[in-house]
Each structure stands twice: as structure tokens, then as C-alpha cells.
Number of protein chains: 4
Amino acid sequence: MKNTFGQSVCVTLFGESHGEAVGAVLDGLAPGIPVDEAYIAARLTLRHPYGQIGTARREADAFRIVSGVYRGRTCGTPLTVLIENADVKSGDYPPGRLRPGHADLTARMKYHGFSDPRGGGHFSGRLTAALCAVGAVALRALEARSVRVGTHIARCAGIDDAAFRCPEEEIPLLNTLPFAVLDEARGKAMREAIRRAAEDGDSVGGILETAVTGMPGGVGEPWFDTAEGLLAHALFSVPAVKGVEFGGGFALADMKGSEANDALCLKDGRIVTRTNHNGGVNGGITNGMPLLFRCAVKPTPSIRREQSSVNADTMREESLIIEGRHDPAIVHRARAAVDSVTALVLCDLLALRFGTDWLRGEEA
Amino acid sequence: MKNTFGQSVCVTLFGESHGEAVGAVLDGLAPGIPVDEAYIAARLTLRHPYGQIGTARREADAFRIVSGVYRGRTCGTPLTVLIENADVKSGDYPPGRLRPGHADLTARMKYHGFSDPRGGGHFSGRLTAALCAVGAVALRALEARSVRVGTHIARCAGIDDAAFRCPEEEIPLLNTLPFAVLDEARGKAMREAIRRAAEDGDSVGGILETAVTGMPGGVGEPWFDTAEGLLAHALFSVPAVKGVEFGGGFALADMKGSEANDALCLKDGRIVTRTNHNGGVNGGITNGMPLLFRCAVKPTPSIRREQSSVNADTMREESLIIEGRHDPAIVHRARAAVDSVTALVLCDLLALRFGTDWLRGEEA
Amino acid sequence: MKNTFGQSVCVTLFGESHGEAVGAVLDGLAPGIPVDEAYIAARLTLRHPYGQIGTARREADAFRIVSGVYRGRTCGTPLTVLIENADVKSGDYPPGRLRPGHADLTARMKYHGFSDPRGGGHFSGRLTAALCAVGAVALRALEARSVRVGTHIARCAGIDDAAFRCPEEEIPLLNTLPFAVLDEARGKAMREAIRRAAEDGDSVGGILETAVTGMPGGVGEPWFDTAEGLLAHALFSVPAVKGVEFGGGFALADMKGSEANDALCLKDGRIVTRTNHNGGVNGGITNGMPLLFRCAVKPTPSIRREQSSVNADTMREESLIIEGRHDPAIVHRARAAVDSVTALVLCDLLALRFGTDWLRGEEA
Amino acid sequence: MKNTFGQSVCVTLFGESHGEAVGAVLDGLAPGIPVDEAYIAARLTLRHPYGQIGTARREADAFRIVSGVYRGRTCGTPLTVLIENADVKSGDYPPGRLRPGHADLTARMKYHGFSDPRGGGHFSGRLTAALCAVGAVALRALEARSVRVGTHIARCAGIDDAAFRCPEEEIPLLNTLPFAVLDEARGKAMREAIRRAAEDGDSVGGILETAVTGMPGGVGEPWFDTAEGLLAHALFSVPAVKGVEFGGGFALADMKGSEANDALCLKDGRIVTRTNHNGGVNGGITNGMPLLFRCAVKPTPSIRREQSSVNADTMREESLIIEGRHDPAIVHRARAAVDSVTALVLCDLLALRFGTDWLRGEEA
């Protein structure tokens, strides 16, 4: 499998940045789930560049559902979203010019120079639009079963956001924000830092933190198809993600067992943990607490500064300046993709555990 | 898939800590690869508790290869390693007693009380012995193609090891050390801290850092089966791993693009990067630089201190003290498992990319 | 996995008969393979109804390649074909009316009434158009490595075609024929029988026989992912296929071992078999002889005669006459789909065995 | 995947005929299912040679469950069965000697001479013992949900058995018979024909017919993971199976649509079909009628007659006589393997459709 992920609920991603279209096929989702095109459109805007800090390329992301929906509900058969590429400047793409930090060199090694080099081709962040479109359908399906996903920019350009305090309440709010922070004052400082980096011809990175509430316990298929393993697998597909940690994550390395263990207690007749350093997962299986994980997002590799590189056609070292429209940060845009792959993986895990009808909700 | 991982080269893991045996099936590895039982035995000792700091359970880990090897070489058919459980104290395991930080609660949610509770059952670190046995075969296969894997304890109990300087030279050395550090003075300090935690009835965590040299470029199957995604997926199966990061990882979140991008240059006629903040992977595909990643390992959940818990049979809160033999740290033992899953994933990726014969080496 | 098949080379199928479009994503095929749109168009006409014997629905099958091809060659990234549905009569589809022999009842059982019922929806033979489009790309890739696939109507309406004598020569010819028979006189008789059945308001079935020449030996992944198992798995996806047999197939049941065993001999320095009762496969692995298999195709279930049925909405028995445009036979049309899934499975098996570059041919 | 099959419920097969052991890992089966060792033993005897007509190799097939069962019930974790090889005559196996009709040539092509040649190695029918052991567990799980599987020898040496009339009643009976026929008089004639073939130094083939009752409707994952496709895929793994057909199968090719379509009617408030020419499957999804399929089993390739062959070491043509203990027929022994893979595939499909707990039965 290459561009397909999932076992019971699967997604297949296709397209190139400056080709005819990008798109995704969402297969195996339960039948009868309402598909709300306005909601999909809203989710797509969440991955748009924000305010003054983004790329000049502005696309309506006009999507078309070409299969799998009948009378406003999922059929249970493959749901395909197609997003035609508009606003494509067919510039000059000397394929030998390798942009540092991008997939130019590695695509060349793998595809022997035949992959579409225009705008990053198949490796463009543009494909996350398709991912977000089908992710929106998955998010809605989860919501109907009271499973909610939300992500905030936990850190950007060295500035920390506030921490989650009550994800149940914060997630709905986050999902309305174009720049998703829990403390808007910190968000403003982050955007200011992004703007300064842009003025410098540079870019910044950040950390995304995701919470999932309402997730049933007992979900995950260890040893290998653990909740953590499957989520991490998919999250590393989001461009620029270079690290994934659950619960306390790397900070757990410095804790004592007596701190890191989440003490168990009873609450409303259910067994819960007092803390959540394990991020809602033990032994690869969900424990009924909120899932909590963080993704490291590297700074956008496309910068306006001069960089040392090699021309793969001439095999000569040469310096390079990347012209054109670029984001000085993608961490705030990557948020929508992170929500989407999270929703897709959870739908898959839930369908595997409880059957393909479970996501239909009350009737199932 | 639950206990099977891989597409072309696959591993299946089975067994319970206090059942009859643990074992693993390694399928799809190229035929003709020498299988050296002494080397497997040596790898198994690397996951043993070290010196005074480990659990009292000492097993010979006597393994038996019951299929897939003929005249000292792999057949190409499933290679099965069986490790009978010896030294099993069949104590009293009240299944309702939930140990914080363990899989007791989640196993109960998933298996409805039918899973073997003795010694953690299927969720015991004991199963990593089987993983290390087949991992040893995979490591040897990679070595014959000049791909080498090595891991050091980058941090433990708050103490940092030295960084990799020249993995080509450091990896062979690390693979001989029972407590794998690049700077033995720091290792001594770590062990001292572990001992102190043990005296406190507590435990500590750490970070493992892995380097892979000799990895060909162009390997990885994006969007989803990226080198990073597949490695992370498998690494999260190693008990206690709660975070995985590649190259700069979470530190990239604080870098500028101009720092994080790895400038390209020529060296001996090959295109290489001057730095390796991307950990040898761009766009999910290897770039020919060393793979570099780190795993966060949480402190051992089994501690001798009193902990708050719930008895799932009586559904009453009760405090709990875990008696018996336990490790005050597992980070140094997890190292062998990390090397093993790394080798298994790389064999799979290489076989997918270059065919099932590639790992046979010269003849292929 | 539901609508995705394959491991290294995969196809994903989507769409509904009377929805917006049908399509397919072909992923994992080697980069650099020439994509000839005229050839794809020609393959699509092979699945069209023939002459006077087919359905009245005539579609241009205007396809669009929306991803994965750059400058006339495969990129190595997902190749997506989209076929918009034209000529769709949006008639009245009382979803409760269950057509015998169709998937109406079973789709209802699985999708709870939410699947698109119009024209068979996702279960329409219309989706084989998308399969044939991507199958054409796979067929061309195989041809460049001298692997050739061809299918003839071995039997239809009780009339046998001649047998393959020299597939190397017959396959190219078959691939030009709209009604693929080795003996055109028998073909004429078959078409006459089809016409008579149509006049009766009835339909007929048949048997397709496929030969593959140039297939390398040593391909197939037993025990489970055998050449036979994977081909059969995919062939049963072709609508109306109810049986698959390799080599002598069911006739082997009546042979003696001394007849059925294919004696081995040398020819031009290669080990070959004198007969080919095993259809080119032993132990699930190709032996270098032509692959030979046959598919049973049931008569088209849509007939103009009155049939006993049940209305699932009213849960009352009622008789039913299927109006509209229907094929009195699909065996001649199914041929193109059989060729296509065969090519896709073989590309997958070859890429697994020899690596993802093998199909690139000489350069690899 | 090579020796692993299934998605939610998976089996992994390992071992060689004359190696240390053969075995199987059954993963993903619901927890809490009673495991009856006596029943497993009984199922293993069903694949033994019968009376005077079988091979001289008689093994107790002493199996050991080394994981996944605790207090007599499945844990939900991998259940591993190990069967040590006893009664192994370590004869002289000149690996270059290729037995016609066997996997000797193809194993050599795939494994380059490294696979274990003794007694067919990994390709020996001996591995079906392991398949039958885990298959027995799966059969029992299905029975607890009223899904029953039974197979009879529909044809052997040209002699037909009676047809299924009432599978509900016939299946339990068949499962007690060492030579599974519905009409014992025909069975006697078959055994007589087998004996005659043996006297001739020859062998015979046959056809196995399987019925499954109690199968819920709505199960199967089209387009590709259809009930038919998955069953066929797995059935072709049973050694000597060369054809698989569902319902009318190849006979459907000669029927008219008006005959082949199964008219629908109501029975006890459920929608059923009057006939079952489609074998319980439409559009790849079960329809609630009994599953019905047939497997063609070729005559045993090991015969005592002189055969033309090639020595792959010397690359010279030479004739060959296979000495030793061999079956003049395996069709009656293959029955147990067919039942087993059927049960394993159905468990997988049911778990995918209804969740991993469904097979636990009443409690789920």
C-alpha cells in the first residue's frame, strides 16, 4: 500500500499540485451518515493560509463529490472527492533544481525523474485539501457517536499556547478558529513572529496538540496495530510532521514511575485515571480517557533566502532562491490535516472493533 | 492485522509471559541468508537486565528455530523462533487488580477478562525476546548489504549521553555494549540514578536514539507508507515507547527554515546534505543520509510504592503495591527491541522497493 | 480493504452507474511507463456491447486522466482515471423492488437501504469501464516486459470456441476483436444464439479462457498469496464470474496422476513442461509456462421475462419485469475486465517479486 | 503477505515437512471462545489417510497450544498451535531432482535452491495439519453462532456422490465421517477406484463440495473483498486445488438467465431464494442462503510410475520414480483443510462486518 491507508475504513489519496486535480476516495465508512457539503467547505477553509501570513495562492478549493453519496447520505460505497486545480501558474520547473528540505531529491531517487515536479507535484501540501474533505465526513461521523477531535497550535516560533484544560468544551471552539489557539493573546504573538520571519525571507515551525474526547475504551489492535502506532503512522503522512508523542511523550522520559503512572479511580461508576500522562492509551489500547498527542511541525522548507544546493541534471553545486508564493509557517494549516487523519484512523479502528455499522449510530 | 506487521517481509508475534512459550514468525525474508544462532543469542542478552539494576527474573532465553532454516541459511519460507517460558512463578493473579500505567484495564476492556493476566500475559515485555530473536536475523541480513542499525541511551533519568558523531564507527561498538551509551561516564551516572530510583521503590525513563547507516536513497512508499510512518508505527509497539521523532524532531518546531533545511552538496560524486535535521528522510522517502530517530521510553510502570487503583471485580477503589521482581528502568533493555523492529521495517521497505531477492546480496 | 486491491501495485475502484462518475486509482506502478490514451480508448471499446446483441446504452466512455501522468508517462504516483456518466436516464427506481440474480437484496442487507439503487449503483458493470482504463495501462506495462494477456470466449450458449494452440500468436489477434473467439465461425453461431435468447427475453452465459505468455517463473507468494489465489480473488470481482479454474481445472478431477502431471523436459536450455495441465502454476508459484485459466460467467440476470420476487419495502411477494436496456449476454464484454484484473494482479506480483522498478523495463 | 491471511481474524502458517515442526498462529479471534482439545484432535484425524488407501506415514499429529488459551478459552491474543514432526525419515533428497506436478521446480525458481527440499519442505500437505488445528477452533466459534460448515467428496475417480439435499442435517453427519460422502455406496465405489489406481502406481483426483448454513446475509466487502473472492483466494492455498466455483459455477455458463436467476420469495417472514444457483452470494455479499461451493482437487502428483523429468543440478533430462509412502488420492484428506480455510475466512468476514466481539456469541 502506498497512497491508501486503513483496513476497514480506508482512504486513498491522489493528485498533483499543478496537474488536473487532487482528490481522495474514502471507502468503508458506514452507510447512512449525513454528508454536509457546507461543513466540508468550512473544514477546507481551516487549512487555508490565514490573514497576511500565508501564500498568495488562493483557491476556492471547489470540491465535487463524484461518488458514494446519495440523497445527502453516505452509500457505504467509496465516497470520492475531486478538487480540480485552478489558479495554476505553469511556470518553468527545471526538474534538476533540488530544493533543500523538500522531497525533490528523494522523489528523483524513487521515481527516476518521472514524477511531476511542478509545485511539488504529488508531494505538495495541496493534497491535504482532499484529505481534509474526506476527513470532514469522518469527523461528522465520529461526532454523531460523540467522539470529537480538536487541535490547537501548542507552540509556534518558540511561543507556547495555553494548555488544554477541558477539551470537551475547548474542541468545539477550536474547530471554528482559523488560527487555532486556546489563548488568543499568544496566538497574536505567534502570528507576529510568523510575520517577522516572513519579512526575513525565513519560516518558522511549531507543535500541534490534539485531543479526542468520547473515545470508547478497548479500541486498538496490539501488538502492532495499536491506537498509537496507527495514528502515528498516518500522522507522519502530514507534510512537515517530524515527531509524534502521546500523553506526556518525551517529557515522560524525565519522570519517575510514581509520577508517570496514572492513578486509577472511580467516577460516575466508570474507571478513570486521575492524570492522563499516557494520553488515553495503555498497551496500545484506548482506556476511555481523552486521547492526547502532539505533532512536531518543521518550518516550511520554501524560503526566499539563498540556499546551497545541487543541480541534479548537471550534477553541479549551485545556490538557489525559491521565488513565488510561499507560507512562512504551515503549522496552523497543518492542523486541519492532523484532525482529518486522526478522524480517519479512529473511524477505521472503531469499525474494526465494533463492526462496519457502528458509526451509523443509534440505529446500529 | 493485529500481531503481524509488514507487507513483503512480515513478523508475527505470539505468546504470553507465563504461558508455555513466546515466539515470532519472520516471513518473506530472502532465501540464502546465513542464520547464526550465536549472534541471535548475543542479541538476546542485550535485552537482559543489566548488572544490579534489573529484575530478578533471569531466563536463559533458550530459543529454538523450528522452521525456515535449512543448512544454516534462511529457506525463504517462514522462520519461526520459539522461546519456552522457564522460571515462571505461578503466583496469585487476582485479575481484577488493575496496575496503573499497565495494560490491565485496557486488556480487560478489549478482551472482557479472558486474556491471560499472569505477568502481563501477552502484553509482557517478555515478548520482545521473540522480537529480538527474529530481529537478529533481519539485522544480519541488512549488514550483509552494509545497512547497519545502532541505538544508544540518549538520555536516562535526566542525564544526557554524548551525541552521535560518526555513526558508522559508533554503531558496531554500541552493538557490543550491555548498557549502550556513547560516553561510559554518563552511562555510569545513569546507572547510579537508576539504582537510587530502585532504592526509592520508584523507576525512571529515558530516550533512545537510533542511527542507521548505509540505507539506500529512494526507499519509502508515500503518502502513507513512508519510511517515517512505518518505522513509527512499529516503534510504538515496543512497550513503554510514547514518542517518536526523526532528525531534529520536536526541536525543529523551534528552528527557522534557514536552519532546519539541510543544504545539499556533492561528496564523492553523490548528492548529500551538510546537516541531517531531517533524519535521512524527505517526503517520507530516504535520501541516502543516515536515518536518525529517537524514541521516548516512559518509566517502568511496575513500582514498589503504594498506588491508588480500582479493583475491577469489586468495582471498589483500593490501593495497591506491586510485589515481585521488576525493573527500575527498561530504557536500556528496550534498546534491543528498537533495533529489532527497525531492522524488520527496513527489510520490508527494501524488499518492497528492490524485490524479495535484494537482501540476498551479491548474487541478487 | 474493500474497493482497493493489491499490495505493491494497487487499484481502487469507485463510482455508481447513475451517479456523477465512475473511476479508478492505479497506484504503485513503476514510473516512466508510456501512457497511450488511444490504446486506453481502444481497450474501452472492447467492453462495449457488440453489434446488434447489446444494450441500447451507448456511452463514449470519455475518460480523463486526472493524476499520475506527466509528459505522457507514468509518474509513479497514483494514476487516476475519471469517467463522467453521460446518457444517464434518471428513471424511477423503487428501491424495494429486488431483481433476482442481482445484488439488490444483498446491498440492502449490507447498506441498509442507503446505497444508490439507480442502475445497480456501485454494483453496476459500468464500473468495469474504469477497471479497463487502468487495466490498459497495466497491460501496456506488461507488454513492454514481453508479458502478454489475452482472453477468448471459450464457450457461450453451449457453443465451444476452438482451443488455444499457440497463445503467443493468438493473443495479439484476440486483442483486436470486439467478439473474441479463436474460430470466427463459432463466434457467429454464438452471436446467433445470443440473439435468439434476446428475442425470447432471456439471456445466456459462457466461459472465458485467458492465456498469459512471457510470465517469468518464480512469481507468487505462497502459502496464501499464490498466483492462483490472487488471480482468483480479483477475478471473482468481475461481475457475473462464478467460477475460476487453472489449467485443467475441474477436468483434472477426472484425470489420473500419470496424465495430470506435466512431464518436464529441456527446451532451448530452459526447463519446461510438455503439457500444461497445471496452467503455469505449481505450488502457487509460476513455472515459466503460459498461465492458463478459465472463468465461468453466468447469464445476465436482467431479463425481460416475468420473474417472482419480493418487494423489500412492503415485504410482499410480487412479480417483476425488468424494463429498459439490457444485455442478453455479458460474457463477451466481461473479457476486457478479465484481461484488466489479470494485468493488475500480475503487475502487483511482479513488483513484489522483483521490485517496484522492474516494470520500467530495460532501464531497471 | 505470504503465509498470513485475513484482516481482522488472521492465520499465519509455518513449518516444513521434515523440519522440527509445523504450526499456525490464529490471531484476532474473539476472546472467551471455548477451546476443546479433543475436538481439535478429532478434526486432525479427518485429514488422516483412510483405511488401506493412504500413505504409510502415520503421525499422531500431537499438537500443543503454546499461546492464546487460558483456562480453556481463547484469550483474544494469538493462539499458536505447534505440531512437532515425528516419524521423519531423513532420506536422501537430491534437491536437483524435480518431481512433475510438484512445487520442486517453482520453489527452486523462487528460493534459488535454499528452501528445504525434504518431503516437499514448506510445500508439503503436512502443513494442513496446522491449518486444521486452528481451523477447528474457528469451526467451533462459528458453530456457537449457528454457522456450520461441511464438505463432501462430490466426485472422485469419475464417480459422483449424491447431492446435498438438506445441508442443515447432512453437515453434522459429514463431520463425523473419515471418508465424507452423502451416499456410502458411492463412497465405497470411490475407495475401490482409488485402490485400483494405487495398484497401478497411479493416483486419482476429485471434487469437494462445501455447504455453509446459518451464514448471516450482508457479509462480504465488494468490489474486491467479496465473500467469493476471499474464499477462493484462501481455498487455492489448499494443496492440489485447481478450481473453485460457487453455486452452479461452470454449469451456469450453459444456463439461461431465466433458469440461473434465483427467484425470491418469503419464508417465515424472511426473504429467501427458491433455488440457490448463486451459491448464497450476490454481488459478492452473502444473501442468507447456504453458501455452496466446489473445489477441484487434482490427482496426487506423487506416483510410483516412471516419469520424464529434468535434473536441475545437472540440467539433464532423466526419468524418475518416486519411491516411498504416498497417497493415491488426497481429495478425501483435503476436505478437512477446505473446511478449515472456509471457517477462517468466514470468521474474518464476520468480524470485519460485525466487530471483533461478534463471535463471542450471546454475550456480545
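When segment A:321-364 is filtered for residues that are more than 30 Å from residue B:229 (Cα to Cα) and touching a residue at least 60 places away in the same chain (Cβ under 8 Å), the ones remaining, listed by number, are A:324, A:361, A:363, A:364. Taking segment D:1-52, which residues are within 23 Å of residue D:116 (Cβ to Cβ) and in a strand (DSSP E or B)? Within segment D:1-52, D:4, D:5, D:11, D:12, D:13, D:14, D:15, D:21, D:22, D:23, D:24, D:25 qualify.
Only one entry in C:361, C:324 is more than 19 Å from the chain's Cα centre (by Cα), modelled with pLDDT under 95 and closer than 20 Å to residue C:103 by Cβ, namely C:324.
Scan D:282, D:276, D:261, D:311 and give me the residue that is touching a helix residue (DSSP H, G or I) at 6+ places or on another chain (Cβ under 6 Å), of a type outside the set (D, E, K, R) and farther than 24 Å from residue D:332 by Cβ.
Working: D:276 fails: touching a helix residue (DSSP H, G or I) at 6+ places or on another chain (Cβ under 6 Å); D:261 fails: touching a helix residue (DSSP H, G or I) at 6+ places or on another chain (Cβ under 6 Å); D:311 fails: touching a helix residue (DSSP H, G or I) at 6+ places or on another chain (Cβ under 6 Å).
Result of the check over D:282, D:276, D:261, D:311: D:282.
Do we have residue C:206 as modelled with pLDDT of 95 or more and under 16 Å from residue C:327 (Cβ atoms) here? It would help to see each step written out before you state the result.
On the way: modelled with pLDDT of 95 or more: yes; under 16 Å from residue C:327 (Cβ atoms): yes.
Yes.
Given C:281, C:310, which one is more than 30 Å from residue D:99 (Cα to Cα), surrounded by 24 or more Cβ atoms within 10 Å (Cβ to Cβ), modelled with pLDDT of 95 or more and hydrophobic (A, V, I, L, M, F, W, C)? Testing whether each residue is more than 30 Å from residue D:99 (Cα to Cα), surrounded by 24 or more Cβ atoms within 10 Å (Cβ to Cβ), modelled with pLDDT of 95 or more and hydrophobic (A, V, I, L, M, F, W, C) leaves just C:310. Every condition in (1) of a type in the set (D, E, K, R); (2) farther than 23 Å from residue B:160 by Cα; (3) more than 7 Å from chain B (Cβ to nearest Cβ) holds for residue A:259 except the one numbered (2). Among the residues of segment D:96-114, just one is crowded, with 21+ Cβ neighbours inside 10 Å, assigned to a loop (DSSP other than H, G, I, E, B), at the interface with chain C (Cβ under 10 Å from one of its Cβ atoms) and without any contact (Cβ under 8 Å) to a residue 24 or more places away in the chain, namely D:103. Every condition in (1) surrounded by fewer than 24 Cβ atoms within 10 Å (Cβ to Cβ); (2) at pLDDT 95 or above holds for residue B:141 except the one numbered (1).
Kindly provide the set of residues from segment C:214-224 that are crowded, with 22+ Cβ neighbours inside 10 Å and under 23 Å from the mean Cα position of the chain (by Cα), ordered by number.
In the first step, residues of segment C:214-224 are kept if they are crowded, with 22+ Cβ neighbours inside 10 Å; the result is C:215, C:219-224.
Listed by number, the residues that qualify are C:215, C:219, C:220, C:221, C:224.
Screening residue C:350 against (1) at positive phi; (2) in contact with a Phe, Trp or Tyr (Cβ under 8 Å, 6 or more places away or on another chain) leaves a single unmet condition, (1).
For segment A:123-137, give me each residue that is surrounded by 24 or more Cβ atoms within 10 Å (Cβ to Cβ) and either touching a strand residue (DSSP E or B) at 6+ places or on another chain (Cβ under 7 Å) or not in a helix (DSSP H, G or I) (or both).
The initial filter retains those residues of segment A:123-137 that are surrounded by 24 or more Cβ atoms within 10 Å (Cβ to Cβ), namely A:123, A:126-137.
Matches in segment A:123-137: A:126, A:127, A:129, A:130, A:131, A:133, A:134, A:137.
In summary, residue C:146 fulfils each of the numbered conditions (1) assigned to a helix (DSSP H, G or I); (2) out of contact with any helix residue (DSSP H, G or I) (no Cβ under 9 Å at 6 or more places or on another chain) with the single exception of condition (1). Considering D:281, D:310, the condition of being within 22 Å of the chain's Cα centre (by Cα) and either more than 27 Å from residue C:244 (Cα to Cα) or of a type in the set (A, V, I, L, M) (or both) is satisfied by D:281 alone. Here residue D:79 fulfils each of the conditions (1) in contact with a helix residue (DSSP H, G or I) (Cβ under 7 Å, 6 or more places away or on another chain); (2) within 13 Å of chain C (Cβ to nearest Cβ) apart from (2). Residues that are farther than 16 Å from residue A:327 by Cα, without any contact (Cβ under 8 Å) to a residue 12 or more places away in the chain and out of contact with any His (no Cβ under 9 Å at 6 or more places or on another chain) within segment B:235-253 comprise just one, B:250.
Within segment D:113-166, the residues that satisfy the criterion of being farther than 30 Å from residue B:30 by Cα and touching a Phe, Trp or Tyr at 6+ places or on another chain (Cβ under 8 Å) are D:136, D:140, D:145, D:152, D:153.
The values are calculated or read from the model by the stated rules, or taken from the named source; none is laboratory data. None of the values given here were measured: they were computed from a predicted structure. Note: ideal-geometry Cβ built from the backbone for every residue, glycine included; neighbour counts use all protein chains shown.
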